[in-house]
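Structure record follows, encoded as structure tokens.
The values are calculated or read from the model by the stated rules, or taken from the named source; none is laboratory data. The shown structure was predicted, so the numbers you read here are calculated from the model rather than taken from an experiment. Neighbour counts run over all protein chains shown; Cβ positions are idealised from the backbone, glycine included.
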Amino acid sequence: LSNLGTEQLQEKDRSYVFHPSTYLAKHSRGETPNRIMAGAEGVYIWDTEGRKSLDGFGGLYCVNMGYGCAEIAEAIAQQARELPFAHVYAGQGTKPVALLAEAIVEYFGQNMRRVFFGLSGSDANETNIKLVWYYHNILGLPQKKKIISRLRGYHGSGLVTGSLTGLPFFHDHFDLPLEIVRHTTTPHYYRQAQDGESEEAFSKRCADELEALILAEGPETVGAFIGEPVLGTGGIIPPPQGYWTAIQAVLDKYNILLIADEVVCGFDRTGEKFGSHLYGMRPDIVTVAKGLSSAYLPISGSIIGERVWSVLEQGTEKHGALGHGWTYSGHTLCAAAALANLDVLKKKNILEHVRDVGPYWQEQMKAKLDGHPIVGEVRGVGILSAVELMRDPKQRIPFEPNLQVGVRAAATLLENGVIGRAMPHADTIGFAPPLIIKRNEIDIIVDATARTVDATY
Ligand code: PLP
């Protein structure tokens, strides 16, 4: 394998790999970028040709402890030798899974009780929707099946989770969204607020629009609302002042469960342990993945709060074992990786680190980019940030989509040595580097972004 050169690897890649979110025919013809990644350390990743980039997106906002973390690698090697896998069906357990579930429940706090494990954010959200249905069925409310999410929300790309996702890119030509899903307003103040509307007033309007949707559908038909504390893939959009409090009040009024999708925000990224804590959300179910293991191995979790857990227990008393699970629910090796990851997160005091460098990152981005003639908005929280490019920022006029300004800017940024992501909506470049990032590395990203935006102008 080591003798194969870049071109040979590219040839195999183009001939055999079915890449996600890719122009398939163009890729087969060799008309798309085709870097073959080969190694990484800290916040840097490099390809087979030795070209090194600062990974400003942490893989896909997942390599939170950075590349080359020896503690996680060791834990995986040791667990693989000892016991790579034992299923956890019908009450069988393993040490890594028991310790990990306890660590997650304690890290979230509030009234969380149990963790159901999966392998991806998508499968965790799929589980969550099934549990919402089971919950309402057990309580004798079988009509409560509709799930509300937001336009520009992202919750996965399966049939149900892809429907929850509120981005046309994931629906078009797949006959999605499914009938059970409804979408409500995107809480993006810069783009959606009316002239003179305060953030609080805009949040109240979002909550009113949610309430109007619930009333139009019939509250007796709505089972749950799902949302990311900070909208991620839809553009990295922190909520406006008062948003979650206003939304929570509407959900409480109509007996609608709240699922907090913490796949991106969880485990310190926002400067709180979870985005829910930052914004005062009181979720009934919480989705975690990505930063749970820093992507060293795939693992996700549905953290279940008291309200839902007690009904699940009641249901199985009455109807027998719960018919839901994957072979790899609670995969031993993945759980060991996640456990080691959470250990590193605590030992390195990542939460304090994010609270220290996060504000620096936000200030620097604003100082260098706010007010630029094509910058509409510089936004973010913790170590999560975005720059939205607009033809006319003051009038809020975007560039014409066919110009692909965001995609071209991300390509220029890469030439400037930094990986940022052209988000799949509008011309927004997103950043979510490993949480271990240092100030001088933040400076590199900010400088490269400023140069990129200048070159795009
Ligand atoms: N939820 C959120 C908020 C996400 O950002 C993602 C992925 O980016 C998912 C769910 C889906 O996770 P996965 O890609 O692991 O299925």
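Of everything in segment 212-238, what is crowded, with 19+ Cβ neighbours inside 10 Å and of a type in the set (Asp, Glu)? Give them in sequence order.
228
Being in contact with a Pro (Cβ under 9 Å, 6 or more places away or on another chain) and of a type in the set (Gly, Ala, Ser) narrows it down to one of 330, 301, so name that one.
From the options 330, 301, the qualifying one is 330.
Residues 262, 272: which one is within 14 Å of the ligand (Cβ to nearest atom), within 22 Å of residue 154 (Cβ to Cβ) and of a type in the set (Asp, Glu)?
262
Can you name the residue in segment 127-179 that is over 22 Å from residue 219 (Cα atoms) and either outside the structural domain of residue 233 (by TED's automatic domain parsing) or assigned to a helix (DSSP H, G or I) (or both) and is also farthest from the ligand (Cβ to nearest atom) among such residues?
So, considering only residues that are over 22 Å from residue 219 (Cα atoms) and either outside the structural domain of residue 233 (by TED's automatic domain parsing) or assigned to a helix (DSSP H, G or I) (or both), the one farthest from the ligand (Cβ to nearest atom) is 168.
Scan (1) crowded, with 22+ Cβ neighbours inside 10 Å; (2) touching a residue at least 60 places away in the same chain (Cβ under 8 Å); (3) outside any helix (DSSP H, G or I) for the single condition residue 358 breaks and write down its number.
(3) is the only condition that residue 358 fails.
For residue 316, are the conditions met, namely being of a type in the set (Val, Ile, Thr), more than 30 Å from residue 188 (Cα to Cα) and not in a helix (DSSP H, G or I)?
Criteria not met by residue 316.
How do the pairs read when you match residues in segment 425-451 that are polar (S, T, N, Q) with residues anywhere that are assigned to a helix (DSSP H, G or I), using Cβ under 8 Å and keeping only pairs 6 or more apart or on different chains?
Sorted first by the residue in segment 425-451, then by its partner, the pairs are 428/406; 449/365; 449/368; 449/369; 449/413.
Criterion first (more than 13 Å from residue 227 (Cβ to Cβ) and buried (at least 21 other Cβ atoms within 10 Å of the Cβ)) does residue 156 satisfy it?
For residue 156, the condition - more than 13 Å from residue 227 (Cβ to Cβ) and buried (at least 21 other Cβ atoms within 10 Å of the Cβ) - is met.
Name the residues in segment 11-46 that are touching a Gly at 6+ places or on another chain (Cβ under 8 Å) and closer than 28 Å to residue 66 by Cβ, would you?
Correct list: 40, 41, 42, 43, 45, 46.
Which residue, of 67, 23, is under 24 Å from residue 267 (Cα atoms) and away from the ligand (no atom under 16 Å from the Cβ)?
Just one listed residue meets the conditions, 67.
Output the number of residues of segment 41-64 satisfying the condition of being hydrophobic (A, V, I, L, M, F, W, C), buried (at least 18 other Cβ atoms within 10 Å of the Cβ) and either more than 18 Å from residue 350 (Cβ to Cβ) or within 16 Å of the ligand (Cβ to nearest atom) (or both).
Count: 5.
Please go through segment 99-113 and give me each residue that is under 19 Å from residue 296 (Cα atoms) and out of contact with any strand residue (DSSP E or B) (no Cβ under 9 Å at 6 or more places or on another chain), ordered by number.
Passing the criteria: 99, 103.
List the pairs whose first member sits in segment 121-142 and is at pLDDT below 95, whose second member is crowded, with 23+ Cβ neighbours inside 10 Å, and whose Cβ atoms are under 8 Å apart, counting only residues at least 6 apart or on separate chains?
That search, which allows pairs on different chains as well, returns nothing.
In the set 116, 85, which member is modelled with pLDDT of 95 or more and within 16 Å of the ligand (Cβ to nearest atom)?
116
Kindly list the number of the only condition in (1) in contact with a strand residue (DSSP E or B) (Cβ under 6 Å, 6 or more places away or on another chain); (2) in a helix (DSSP H, G or I); (3) among the hydrophobic types (A, V, I, L, M, F, W, C) that fails for residue 116.
That leaves (2) as the condition not met.
Can you name the helices (runs of 4 or more DSSP H) wholly within segment 1-108 that have at least 1 residues being charged (D, E, K, R) and touching a residue at least 40 places away in the same chain (Cβ under 8 Å)?
70-82
Which residue out of 75, 70, 40, 86 is of a type outside the set (Phe, Trp, Tyr) and within 23 Å of the chain's Cα centre (by Cα)?
40
Determine if segment 426-436 includes at least one residue that is in a strand (DSSP E or B) and out of contact with any Phe, Trp or Tyr (no Cβ under 8 Å at 6 or more places or on another chain).
Yes, there is a match, as at least one residue in segment 426-436 is in a strand (DSSP E or B) and out of contact with any Phe, Trp or Tyr (no Cβ under 8 Å at 6 or more places or on another chain).
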